[in-house]
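Here's the structure, in structure tokens; my notes come after.
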Amino acid sequence: MHGVLSVLEEMAAAAGQGGSSSSQVPDHFSWLPLGVVPSLGTATPDRPGAVPIDGELAARFGAVDAIRPQTRSLRVGFGFLTGETDAEGPLNKWFEPLVTIPVVVDRNALRRIGDVELTPLVEDRHLRARLEEEVDWGVGVLEGLGQDVPGDRMPAAEHVVAQLLRVVDAIGYDAPAVIGPVGRPSTLRDAEGLRLVMGAGLFALGSRPEFSPAAALAEWHTTVGTTWTALHSLYLDHPPPAGPSPGPDLSSAYRLSEAQHAAVVASRTEPVTVIAGAPGTGKTHTIAAIVGDAVAHGRSVLVAAKADATVEAISELLDRRPGPDPVVFGSSDRRWALARRLSAGEPQAVPAAEVQQRHTAMQQARRHRDAAWLDVAEALAGTTLLGDGPEARQLRQRLPGVATADLFAVEALLERTGRSQPPWWRPGARRAWSSLVAALGVPAPTAEELGAVARLAAAVRRLHASPDPLLDGIDWPGLAAAQHDVEERTGEWMDAMARSEQRLDRRARGTLGVLALALRAGRAKRRAQLATLVGQQVTVPLPVWLGTLADIDDLLPLEPAMFDLVVLDEASSIDQPRAAAALLRGARAVVVGDPQQLRHVSFVAGDAVKEAIRVHAPGASAALQAKLDVRDSSIFDVAAASAPVRTLDEHFRSAPHLFAWVGRELYRGEVTVATRTPLTDRQDRIEVVRVDGARNDRKVVEAEVTWVIDRLQQLRSDGLRSVGVVSPFRAQADALENAALDHLQRRGIDDLGLRIGTVHAFQGMERDVVLASLGVGADDGPRTWRFVDDPNLFAVFATRARERMEVVLSAPPPAGSLVADYLDQVDHPPPPPDGVGRVDPWTASVAEGLQDAGVRVAAPYPVGRHAVDLVLHDEQRYLGVVTRLHPGGPHAHVRRQLELTAGGWPIRTAHRAIWGDRLGELVVALAGALRHG
């Protein structure tokens, strides 16, 4: 493992040397009075440090923060290193804040919402921590100042300047000249010579340097020891130790598809569980279920993501269900809220008696559901004997009288005989036996045969007893309610388990007190205080922790396998060195991603990879060498080479027209659409608008910008509340953002719930309506189109809309390209399923009878992984018809019925045993059911 760590450490260092050599100037920036610095820098959870700013500035930056896909994008920077230098260092052209404070606009004020952070360009994490702790906020010096420090205040401010110069020294430069905040950021960046701007500025985050994990990985060499971790399971060739026993088959508080359920079950025991899923297949939902299941089994979980927005999304999903408070330990106002709750004595311990009471309630709900399920499955088993299937034919061959017998009379005879030949002293029963064998046409039927006849008779009786001949007599709503009750009782039990007296004992209370102090503290103190909380000391009372990879790397103790399970989300876009520290902190791993969406980008040279492997892992196998190629392999790729990939294969988010082509072309038809109905299948949800435009010298197609703004105004008038605008190109996205800010302002942006950004910014986000601006002009060449045509980018671009997508373009794409194929299917969508396909003879005869009566039908009709035997539909309604038992048997039949009805499908039955000689009546009844709903 040390060889693997050394390679990843060297690759992390090499990655930090690649990429751009110039700071990216913020799109939105304004110098602030220096007086904001002491208030924001010294803010605490109890004193959030809101400082008033100019009303127009507040409106503009509030709108910028609202319109961007990533959450909480505003920062106040203090002390900016600017200018161009030839000296060796991470950048050549500088406009970098040395200290940043995350803020939000609250009315006409800025309010601090997270951690003060030092520039990540100070690579020594311990030095960075010390400098963060020593930042001088100029209390008593900077209050009340404008943008400049006046001459008479400079002596008092020298200590503040000296602290900032120490940061410059830690980056690796000699002390530059100190100037005031004059000029635009781009002018300061391009000026010759480094300077330290003694000023404060408000800006929106763009692309900024990231913390390098190289220094943290170096420290793990002396820490990892012999403890087996998830990182070992991903990279080492010899098998990992056996996982924990599965434990009881606990029901989930979440409703899961079959693939999602299988993934949760696998996560209980497998050293590495790999989950792949296209957009809308429920990856985050599955993560939440895995977290809940792990806690229910008494285990701890660390959930790691690349971005704060992903952490926020998972937190919100966990909040919707009962369970433990997740510990969000990074730069988040959720952290402050948890600190307040812990300081107030929460969570309150649940007495053991109440835990047992909730467990008993859950078990009772499960028994009730299981009994109802088995009753339904038993009833359905009789329907296998109603049609022309092999079991039915075999029974009629063995008992020829079944085909013509009065099954109600046969059922009574079975009851009187007890399904066996009676003894001589029961003459009445013996007479009944004689009648029974005569009716069945054999002298000595077996117990198995009689059991089959009993099931057949019960099925016919149930169907005849139904008040509606198109219903099967089964209490499906009752079974669905029983399933829902299991989910609710399971959630309540899990919540009690997470807060049980066993978890929250006296020792745990002391630990939570220390944790509360740590969560309230600044980043440097929090790091030190968290380091004192070892392993189960803190993961038993609070078993769920969430953080970004950077926060995990920077803040959590270096304790191998501190958590029973670590979950990596968006793993396809995470490079290996950045994921390593999270994997080292878990005993087992769940790795979740989508290799068809945007992937990680590496700036490491190929020769550097080979050399690092040669030096640090000379005996590495070919498989290990392939894994360690950080240029081509994300952490998801490494996991997929180490364990089977479990694919979530049903799309639950968007209308069929929005995803069907993506699923067919980009996911090879392996992902089905679970939102299909005859109504949604016919809906055209994608519109293409062609305008006459060309790229200008700023690489912006202004005609598309104009169309988008006009369309946004229309959507606002129509009352739309969830709208996105996306473009593949940064320049086009920036122009769209600026135009929206100018024309809609904050109120219009809030009215629309508007988000605007590039495809990369939109990964992980969706809106009801999405306007897509391709931003390619008629004069642009193949290179520009190739960028748009990238399958990984297009998989994200085409799947951000839940309800409707509108594409505006100024030039036709090259023939045969992905974009051309996509636009072609927009104009000529594939027809929905219609007519009679490969079905059994009875279903075919019913379908043909309906067609003869002028009713539109489809048989079968695919819905996600299911197929409805027969579907009737008109322009406004549809009706699913079950004509036989599911080919997978009774249990598969139950699952299909529950999932279809939960999705809103109206279902009727048309079994041959009831309607076989009354096909005309059946056609009339089904047509009437369609008309009347």
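Nothing in this text is a laboratory measurement; each read-out follows from the coordinates by a stated rule. Model, not experiment: these values are computed from the prediction. In this analysis, Cβ positions are derived from the backbone assuming ideal geometry, glycine residues included, and neighbour counts consider all displayed protein chains.
The packing ranking of peptides 587-597, 727-737, highest mean first, is 587-597, 727-737, where packing means the average number of other beta carbon atoms within 10 angstrom of each residue. Counting beta carbons within 10 Å around each of 94, 433 and listing the fewest first gives the order 433, 94. Judged by the mean number of other Cβ atoms found within 10 Å, the most tightly packed of the peptides 450-462, 52-64 leads the ranking 450-462, 52-64. Near the amide H of residue 106, within less than 5 Å, lie the amide hydrogens of 111, all on another chain or at least 5 residues away, with H placed in the peptide plane. Given the options 567, 349, 925, identify the residue whose Cα lies farthest towards the positive end of the charge dipole of the chain (+1 on Cβ of Lys, Arg; -1 on Cβ of Asp, Glu). Of the options given, the answer is 925. So I have (i) -0.45, -0.86; (ii) -0.39, -0.74; (iii) -0.53, -0.88, and one of them is log10 I(q)/I(0) by the Debye sum over Cα atoms at q = 0.06, 0.08 Å⁻¹ calculated from this model. Which one is it? Evaluating log10 I(q)/I(0) by the Debye sum over Cα atoms at q = 0.06, 0.08 Å⁻¹ on these atoms matches (iii). Remark: spin-label model distance residue 218-residue 316 equals 4.0 nm, labels positioned 7 Å along the Cα→Cβ axis.
Phi angles of region 578-584 translate, via the Karplus equation with coefficients 6.51, -1.76, 1.60 and θ = phi - 60°, into HN-Hα couplings of 6, 8, 4, 5, 5, 5, 5 Hz per residue; Gly and Pro are given as x.
Kindly express, to the nearest 10 degrees and within the range 0 to 90, the angle between helix 476-498's C-alpha long axis and the longest C-alpha principal axis of the chain. The two axes meet at around 40 degrees. Charges were assigned to the Cβ only: +1 to each Lys and Arg, -1 to each Asp and Glu. The resulting dipole of the chain about its Cα centre is roughly 2800 debye. Ranking 379, 401, 361 by Cα position along the charge dipole of region 358-480, where only Lys, Arg, Asp and Glu carry charges on their C-beta atoms, puts 361 farthest toward the positive end. For trypsin sites (Lys or Arg not before Pro), no site in region 354-451 is both called loop by DSSP and has at most 10 other Cβ atoms within 10 Å. As I understand it, the dipole of region 22-204 uses +1 on the Cβ of Lys and Arg and -1 on the Cβ of Asp and Glu, about the Cα centre. Which of 164, 63, 142 lies farthest toward its positive end? Checked the options; the winner is 63. By the beta-carbon count within 10 Å of each Cβ, the least crowded to most crowded order of 712, 530, fewest first, is 530, 712. Relative to the longest principal axis of the Cα atoms of the chain, the long axis of helix 606-616 makes an angle of roughly 90 degrees.
Using only side-chain charges placed at the Cβ, +1 for Lys and Arg and -1 for Asp and Glu, the dipole size of region 686-824 relative to its Cα centre rounds to 360 debye. The gain in end-to-end length when the residue 86 to residue 186 segment is fully stretched comes to 34.2 nm, 0.36 nm per residue minus the alpha carbon separation.
Against the chain, whose longest principal axis comes from its Cα atoms, helix 427-440 is set at around 70 degrees.
Over the chain, DSSP H runs of length four or greater, each weighted -39,500 (n - 2.57), average out per residue to a 222 nm ellipticity of -13500 deg cm²/dmol.
Suppose we keep just the DSSP beta bridges with both residues in region 841-932; what percent of those would be antiparallel, to 5? Around 75 percent of the beta bridges assigned by DSSP in region 841-932 are antiparallel ones. Listed values for region 585-599 are Karplus-derived 3J(HN,Hα) couplings in whole Hz (6.51 cos²θ - 1.76 cosθ + 1.60, θ = phi - 60°), namely 8, x, 6, 9, 9, 10, 10, 10, x, 9, x, 8, 9, 4, 10, and x replaces Gly and Pro. Exposure proxy shown here: for 470, 236, 879, the number of other Cβ atoms within 10 Å sets the order, fewest to most, as 236, 470, 879.
Length gained on full extension, residue 838 to residue 625, computed as 0.36 nm times the residue gap minus the Cα-Cα distance: 71.8 nm.
Determine, from the Cβ-Cβ distance of residue 605 and residue 664 and an R0 of 35 Å, the FRET efficiency 1/(1 + (r/R0)^6), rounded to the nearest 0.05.
Rounded to the nearest 0.05, the efficiency is 0.40.
Rounded to the nearest 5, what % of DSSP beta bridges with both residues in region 686-824 are antiparallel?
Values: 1 of 20 bridges.
Given both bridge residues lie in region 686-824, the antiparallel proportion sits at roughly 5 percent.
Whole-Hz Karplus values for region 301-318 come out as 9, 10, 9, 10, 9, 6, 10, 4, 4, 5, 4, 5, 5, 5, 4, 4, 5, 5 Hz, taken residue by residue from phi with 6.51 cos²θ - 1.76 cosθ + 1.60 and θ = phi - 60°; glycine and proline positions read x. Using Cα positions and a limit of under 29 Å, work out the lysines in reach of residue 627, with same-chain residues fewer than 8 apart set aside. List returned: 283, 306, 610.
Rounded to the nearest 0.05, what FRET efficiency do residue 721 and residue 615 give with R0 = 51 Å and r taken as the Cβ-Cβ distance? Could you check?
On the way: r = 57 Å, r/R0 = 1.12.
Working from the Cβ atoms, E equals 0.35.
Annotation: amide H of residue 908 within the under-5 Å range of 880, 881, 882, sequence separation 5 or more or interchain, hydrogens built in the peptide plane.
For residue 236, the amide hydrogen comes within under 5 Å of no other amide hydrogen, counting only partners 5 or more places away or on other chains and with H modelled in the peptide plane.
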